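Just below is one structure, and these are the notes that go with it.
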Amino acid sequence: MATSPCSSSGVSSSSSSGLGADAGLEIRTRSVEQTLVPLVSQITTLINHKDKPKRSDKTLQAIQRVGQAVNLAVGRFVTVGEAIANENHELKEEMSVACIEARRAGETIAQLTDVASLDHPESDSHITIFTDKTGVVKAARLLLSSVTKVLVLADRIVIKQIITSRNKVLATMEQLEKVSSFQEFVQIFSQFGNEMVEFAHLTGDRQNDLKDEKKKARMAASRAVLEKCTMMLLTASKTCLRHPDCESARINKDGVFHRMRLALEQVIEIVTDSRPNGENEMAPISIYSAIKEFKNKVEGLRENLCFLSKENLSTMLEVILEHTEDFTDSAYTSHEHREHILELTKQAKMELEQLVSVWMQAQNQKTKDLMEDLEVAILKTCQCMNELKREVHSAATSLAADLLKYHTDHMVLKALKITGVEGNLEAVAEYTCKLSEQKEQLVEMCRLLRHVSGTEPLEITCIHAEDTFQVTGPQIISAAETLALHPSSKIAKENLEVFCEAWESQLSDMSMLLREINDVFEGRRGEKRVYLSLPRPGKHNANLKALKPVKLDTEEQAKIAKLGLELHLLTSDVDSETEKWEDQENEIVQHGQGMSSMAYSMYLFTRGEGLLKTTQDLFHQAEIFATEGTKLASALHAFSDQVHDDDKPLLLLEAEKLISMCKQLQITAKASVQGKSAIFTKVDACILKTRNVMTLLCQFLPLCWKLLRKNKAGNGCLKPAPPWREERTRTATNTHSPERRAETFGIKALENHVTNMTFLESK
């Protein structure tokens, strides 16, 4: 289905001066929004100038310079717009009209600000900004509206490229479904792979440029599905070709194609901002969002006793209590949590009844005593909601932690592989039942986590995880059945491996998701760095000129993809090791988790995703990573001072290795290089050395954990009450605080708005 890109265009923007673009337009990308910033700033400054009886020559010259600068900038902008129009005939008429309007408005502003050469600029004989303020405002509005239209029409071309790329992928998928020979399949799949790479790059740029965080999360989920399904499609199709009469192989392949089509369709829905048949998306309400809205209404009673009815509040509480049934009815919620949640729901009803009673009295007579009683009732109601929120969060996250820990050994998947190769259909059937049970547990875990995720993007990630377990479970089962029917088939064995890896990967992702949810709950989540996919106008901050950041091209990214994948696997290993520690505030754990987070962001860089957008971002991140590694080495030295064990020399040796590796990484990251080839070599070296450090972490973290366990078991390998742990709670900086997060990502803030025009300085 070819979707029209026209539905996604639009812009609505306004400034403090009341200048507004066309109300029918809506800006959906950061690049379009930020391209408008300098123009809006200039015009706002121009219109908001102070009217004074006497104006100096300097002021008049400044006003004229601004007007001329606006006109020249618009002229250059329109020239580009006209070139785009000539290359895209379907948009030529609309683009040409918008360009003509913009040019006309720019010339009008230049005429009205042509005041520096006049003896009496406010004279009626010459219409200027001083005599026709309304004319300037009108021209400014026309200029903003027309420039915005040009930008949005240009943005449609990007959307059109994504739709065209999607249509090519769909057409090739149809060929792959019908292919009947291996030779033909290999040829078509090669073409399909190239088309998927193109689609991934286009959608990746679009994802990073979207303003709406919810849409970004949906796009990320869809792209993750497509990435994982590409390999599944390869092995599932090959298995079907090798065993054309096998029903389970056909079911397995059909499932992959169906899921990829759904993901492709969702990407187009996001970029065009449309849904099939015009239906609206109905997102399920989470307990967190319902509690937040309820508390806002309750606290609003302080300002206005009559802005809502008691029925509204009662209905909102009923919705919250209905959602708590997802927890109390769940077979996986502990008895203790269930009892606490039920107690809090009863208390919430009682607190609301008391609140409504005092509220109704206060509406009739606002005495001091009644208003104090109302304040107490509001505080008690909100406190009860906070306790309920804390209890459901504890129920969901403790269940998730237990399940993820229990399933880390992947015993069921290993058993399916073994029994499949043995051709033991009866045993395969037994383990598929166990996998189905595991799937139901994980699906329920995702549903409960969604309620407590805290943000819409994380809610969407939970929904995506639930869908992944729902779909991947049956696909593993059909792949295992195929292998059991054809135990000597290498391709059937490879196919099962691919689906099992997808399951294991999703479990690993859940650990990171759980950590993010806990970070949000505890207020440790930092702000994301703004990303613009279009070049910013003007110059960078003066002290950043020497950085000259560059982006890697497709070929270079492909070269470092293997290193990046190794880095990703190592971050998962380090996360698994640190999660074993009961004391998550331990200094070794904190530094290890911080380094893992930074290494993961470097892995995302190798895929053209994440917060690190340029090579300079990567180099700075590598420096911070090395610094964190040095701090970890210091923590290891302090830890070794408490050790009475034969492993102490080994621990010190590992610490010295870490210091040496981090110094080498810092030297590499700080080294000055010029030229694209040299920069790529430096990128490759930084990622390689980061990988080596992460490998070392995977070696000594289990050793540290073992020493702590010995101490806990009473073997006395550690001295009692180590002072470095006592001091840590008072002196250590929280790794997850916003300030710490900014250092972790290692990205210095750039100026929010950059422009190549001369601003009129306020007098």
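The values are calculated or read from the model by the stated rules, or taken from the named source; none is laboratory data. Owing to the predicted nature of the structure, the values given are computational and were not obtained by experimental measurement. Don't worry about glycine lacking a Cβ; one is built from the backbone with ideal geometry, like all the others, and counts go over all protein chains shown. Just the protein is used for accessible areas: all its heavy atoms, side chains included, with ligands, DNA and RNA removed. Shrake-Rupley method; radii C 1.70, N 1.55, O 1.52, S 1.80 Å.
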Residues (modelled with pLDDT of 90 or more and not in a helix (DSSP H, G or I)) located in the stretch 124-179 | V179
Could you say which residue among H323, H335 is modelled with pLDDT of 90 or more, surrounded by fewer than 13 Cβ atoms within 10 Å (Cβ to Cβ) and under 30 Å from D402 (Cα atoms)?
-> H335
Can you find even one residue in the stretch 330-349 that is in contact (Cβ under 8 Å) with a residue 12 or more places away in the chain and touching a Lys or Arg at 6+ places or on another chain (Cβ under 8 Å)?
-> no
Criterion: in a helix (DSSP H, G or I) and open to solvent by less than 30 Å² (accessible area, probe 1.4 Å) - qualifying residue of M231, M219 = M219
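Is it the case, given these coordinates, that E265 is among the charged types (D, E, K, R), more than 29 Å from T461 (Cα to Cα) and modelled with pLDDT of 90 or more?
no
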Pair list, Cβ < 6 Å and 6+ apart or interchain, from the stretch 378-394 residues that are open to solvent by 70 Å² or more (accessible area, probe 1.4 Å) to residues that are in a helix (DSSP H, G or I) and not β-branched (V, I, T) | K380/E351
Could you tell me which residue of the stretch 366-377 is nearest to K292 (Cα to Cα), considering only residues that are open to solvent by 70 Å² or more (accessible area, probe 1.4 Å) and part of a helix (DSSP H, G or I)?
-> V376
When you look at H410, is it at positive phi and outside the structural domain of E325 (by the TED database), yes or no?
-> yes
Enumerate the pairs (first residue in the stretch 350-370 and in the same structural domain as L317 (by the TED database); second residue anywhere and open to solvent by 20 Å² or more (accessible area, probe 1.4 Å) and among the hydroxyl-bearing types (S, T, Y)) with beta-carbon separation below 8 Å, excluding pairs fewer than 6 apart on the same chain, so at least 6 apart or on different chains.
-> L352/S314; V356/S314
Could you list all residues from the stretch 248-263 that are of a type outside the set (S, T, N, Q), over 20 Å from A465 (Cβ atoms) and touching a residue at least 12 places away in the same chain (Cβ under 8 Å)?
-> A249, I251, K253, F257, R261
